[in-house]
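Notes for the one structure printed next.
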Amino acid sequence: MRLVLVRHGASQANLAGLVTGTPNDMLSPAGIEQARQASMQFAPLLQPQACYTSQWRRAQQTAEMVFPSLSFRVDPRLGETDAGDVADSKLTDFLQDQPDFYTSHLNAYPGGESHQQLYERVTSWLDDARQQHNGLVLAVCHAGPIACLMHHALGISMERFPCLMAQHTSLSIIDYAEGDNEAPRLQVFSQLPDVRLSKLMEPTA
């Protein structure tokens, strides 16, 4: 299976500096322009076997704008970290109140989940996707889930989360062999729309 991951465009919550925002968060004007630019290059290159996005509006908007001809399945396991009671708080205010929060992936947001719980639900989705598909799978989602998939693919402990953070409307590619005898291979990470992208999309030996 080849997994192509696209992060959503910049959202209202991102620009406001919120912890995560909520599933109702929409793309900002800048994010809409990012999606428009990405569509011109990403859409013609991909013919996925299956397409997924999360229940968050910023991801769904991005999917609809970048890939207007594709139909997406919504899977909440691809949603951004549930920050619970502080989702709409300013990140600076939250860190002032809990300066050590990001020192452990086991810390849960008040009324929400931990990054370890995020990892477990995202890799649950991955396990199901690998069982159901052997071709190209597209997922338009978020920085947190993409980071979890990078940790999983590269064998990086979640104690170092987030080790890799994808840029808005960037594309990443992970190849998975059948079975578990061969480690996943990261082919592309956080690639923005670029004239060289068609070369990167070519299958590897």
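The residues of the range 47-61 that are surrounded by 17 or more Cβ atoms within 10 Å (Cβ to Cβ) and closer than 21 Å to Ala129 by Cα, listed by number, are Pro48, Ala50, Cys51, Tyr52, Thr53, Ser54, Trp56, Ala59, Gln60. Among the helices (runs of 4 or more DSSP H) confined to the range 4-121, the ones with at least 3 residues that are farther than 25 Å from Leu192 by Cα are located at 91-97. Among the residues making up the range 1-36, a single one is touching a residue at least 24 places away in the same chain (Cβ under 8 Å), among the hydroxyl-bearing types (Ser, Thr, Tyr) and in contact with a strand residue (DSSP E or B) (Cβ under 9 Å, 6 or more places away or on another chain): Ser11.
Scan the range 155-163 and give yes if some residue there is among the hydrophobic types (A, V, I, L, M, F, W, C), touching a residue at least 12 places away in the same chain (Cβ under 8 Å) and in a loop (DSSP other than H, G, I, E, B), otherwise no.
Yes, some residue in the range 155-163 is among the hydrophobic types (A, V, I, L, M, F, W, C), touching a residue at least 12 places away in the same chain (Cβ under 8 Å) and in a loop (DSSP other than H, G, I, E, B).
The sole residue among Ala10, Ala50, Ala59, Ala35 that is small (Gly, Ala, Ser) and touching a Cys at 6+ places or on another chain (Cβ under 6 Å) is Ala59. Among residues of the range 93-113 that are under 20 Å from Arg160 (Cα atoms), those with a beta-carbon under 7 Å from a residue that is modelled with pLDDT of 95 or more and of a type in the set (Val, Ile, Thr) at least six positions away or on a different chain give the pairs Tyr109/Val86; Glu113/Thr81. Are any of the residues in the range 165-175 at negative phi, among the acidic types (Asp, Glu), out of contact with any Pro (no Cβ under 9 Å at 6 or more places or on another chain) and not in a loop (DSSP other than H, G, I, E, B)? Checked the range 165-175: no residue is at negative phi, among the acidic types (Asp, Glu), out of contact with any Pro (no Cβ under 9 Å at 6 or more places or on another chain) and not in a loop (DSSP other than H, G, I, E, B).
The values are calculated or read from the model by the stated rules, or taken from the named source; none is laboratory data. These figures come from a predicted structure and were not determined experimentally. Glycine gets a Cβ as well: all are built from the backbone with ideal geometry, and neighbour counts include every protein chain shown.
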